[in-house]
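Read-outs throughout are calculated quantities, based only on the coordinates presented, and are distinct from any laboratory measurement. No experiment lies behind these values; they were computed from the predicted model shown. Cβ atoms come from the backbone with ideal geometry, glycine included; neighbour counts cover every protein chain shown.
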Amino acid sequence: MSSSDTKGKIGKEDLRLFDGDNRTFQRRNSSGSLIDLHTVGNVVDVLQTFGDGTTPAHADLTDAIVGANGNECAFELAPGTWPVTADLTIPSTVTLILLRGAAFSVSAGVTLTLSGPVIAQESTWYSGAGTVVYTAGGGFFPLIDDLLSTAAGKGSRLIGVTGVSGKTLADLFDGGKDVDISPNDIDASGNIDCAGLIRWDKGADIASQAALAPGTDGNYFDVTGTTGITSIVTSGNVGTTIKLHFDGAVLLTHHATDLILPGGQNVTTAAGDELEFTEYASGDWRLTSINNHRFPRLAGSADAYKLIRANSGGTAYELTTGSAVGTIPTYKNLKITTPADNQSVTITADKVLVVDSNDLSVILSTVSLTVDLDVAGANGLDTGSIAANTGYFLYVIYNGTTTAGLASTSATAPTMPSGYTYKALVGWCTTDATTTPFNIEEFTQIDDEYIWKINQTAVSNSAAVGVQTVNLAAGGSDTYAFVPAYHLKQIRGVIYHDAGGIFFMNPETMTGTTTDSYIQSSQGTAAESSPFSMPLIEAQTFYYTSNNNRSIYISGFTLKR
């Protein structure tokens with residue numbers, strides 16, 4: 001009699017799904033003997049292997065973790081809501097695969113920690129009031145169309161490295177166009193090792209305002225407008241560096257914490273200036289770099305890279321220490337003139353260095369302007385109305401955009417027109433006695449040298465006298481002041497005296513003898529004129545004596561900077 005096999009239906013007892021640990025199992029055959037069989041699959045189907053096959057439960061996850069016994073394996077979560085009702089950690093040895101429609105629901109006060117890789121086939125794969133945390137060694141591989149999404153539960157949640165919880169792939173890759181980073185380029189501390197070029201995006205233009213608000217679309221921005229800046233809005237990440245290109249004049253005001261500027265000094269930009277800032281604390285920025293020739297640096301080994309500022313006297317100071325390190329001329333190739341019978345002056349210069357009240361300076365180029373003393377404000381008189389026999393100091397002023405001139409009776413504190421903060425004292429003029437109309441006495445000034453068209457009379461045909469004092473600022477025989485009461489270094493002119501006369505002149509108090517006289521002159525049988533040039537030691541004052549008639553005329557003077 002031949003043998004035969006017994007056939008029957010296959011049931012679940014004939015198959016066993018892989019549990020993450022055991023690759024084989026035993027069952028009895030039709031004769032009752034034990035035979036070894038292999039489990040089905042290489043992925044742990046958590047619901048079928050550890051659950052009821054229908055409804056996901058928290059216990060299914062914990063049982064699966066225990067069943068895997070620490071082995072390297074993958075858990076597959078079937079479609080449905082997987083409740084996490086107590087703190088749960090998916091080990092780093094487990095790759096978690098969520099099929100489309102599968103999602104965690106994390107209860108309030110509960111933390112789900114994912115230590116290994118996660119593969120999700122649905123855009124939103126967790127919800128609930130609890131917390132989802134990624135730790136070192138993990139990774140996240142979502143649907144491609146979710147890579148740039150930043151919504152909670154979306155695929156772009158994070159690269160699984162310590163210190164970047166909550167960061168998105170968009171934070172690092174921006175669509176893959178900016179930085180190419182291979183898996184080994186990010187270490188466990190979140191450091192990025194990039195051997196190639198790191199590209200900065202240029203963000204959209206930003207309008208200047210008190211609290212400047214750069215976008216998050218780049219690190220380099222054009223700043224438009226002229227509104228002053230007192231702070232910069234936080235970037236959201238301390239350590240961020242941005243570079244700003246200014247399209248015009250903007251006043252940046254120093255603040256001890258919000259906006260730290262070199263030397264605690266305000267900075268006014270001009271078109272083309274580029275400044276770099278670093279956020280050293282949340283919402284607090286420091287100016288770290290200035291890229292423009294207008295911010296001068298002194299030559300020489302010791303001072304070659306020191307940022308400087310200049311005061312109204314032209315002295316340059318190092319911003320960080322306040323130490324004087326040199327002198328900067330106030331102007332270059334300056335020329336000031338006035339036509340005959342006129343109430344205006346013209347001012348031209350190749351360069352003028354103007355300074356504000358904080359001793360911050362701007363160098364103005366190709367200055368050409370007219371100051372009319374019969375009008376008020378910029379390019380006119382600072383206050384009041386033009387008057388006869390009055391000296392006026394001449395300034396070049398600047399408001400960050402426009403260069404103008406100004407006349408004032410003040411040698412140190414003119415009344416500045418609205419918006420003008422920078423100034424430089426460049427010259428002086430005076431009106432004569434005429435009142436209908438008023439006239440400026442004709443002159444020409446070349447840099448520091450001042451020349452009258454017609455000599456001014458300081459002393460007129462005086463008889464023999466002892467030592468006399470002449471105050472030039474008070475005016476002479478012409479009744480008006482013909483030298484400024486400020487910044488006067490030297491006078492020039494002509495001495496006239498009769499035949500046989502002896503004349504002495506000195507810049508300080510004298511006895512009238514040959515031993516203490518700076519200028520001595522004696523005439524023979526005929527009257528003569530003698531030119532002279534003499535420094536002033538006492539402000540706008542000199543002394544003379546003569547034994548007969550003489551006259552003293554002033555033809556010009558030298559200004560002292």
Q | Per-selection Rg to Rh, segment 45-141 - Cα, Kirkwood hydrodynamic radius | A | 0.91
Q: May I ask for the percentage of alpha-carbon pairs in segment 331-446 that lie more than 23 Å from each other?
A: 22 percent
Q | Fewest-first sequence of Ile519, Ile232 by Cβ atoms within 10 Å of each Cβ | A | Ile519, Ile232
(Q) To make sure I understand, if each residue's beta carbon is the centre and we count other beta carbons within 10 Å, what order do Arg199, Arg550, Arg492 fall in, fewest to most? (A) Arg199, Arg492, Arg550
Q. How large is the convex hull of the Cα atoms of segment 206-291 per residue, expressed in Å³ as a whole number?
A. 73 Å³
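Net charge within 15 Å of Thr55 by Cβ-Cβ distance, Lys/Arg positive one each and Asp/Glu negative one each, not counting Thr55 itself?
Residues close to Thr55 contribute a combined charge of -4.
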Q.
Sort 212-218, 262-268 by the packing proxy (mean of other Cβ within 10 Å over each peptide's residues), most packed first.
A. 262-268, 212-218
Q) Tell me, what is the percent relative contact order of segment 206-291, built from C-alpha pairs under 8 Å that lie six or more residues apart? A) 27 percent
**Q.** For Lys202, net neighbour charge (Lys/Arg +1, Asp/Glu -1) across residues whose Cβ lies under 9 Å away
**A.** -3
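Got a sec? How would Asp356, Asp350, Asp284 order by Cβ neighbour count within 10 Å, fewest to most? Please report the intermediate quantities before stating the final value.
Working: Asp356 21, Asp350 13, Asp284 18.
By the 10 Å Cβ count, ascending, the order reads Asp350, Asp284, Asp356.
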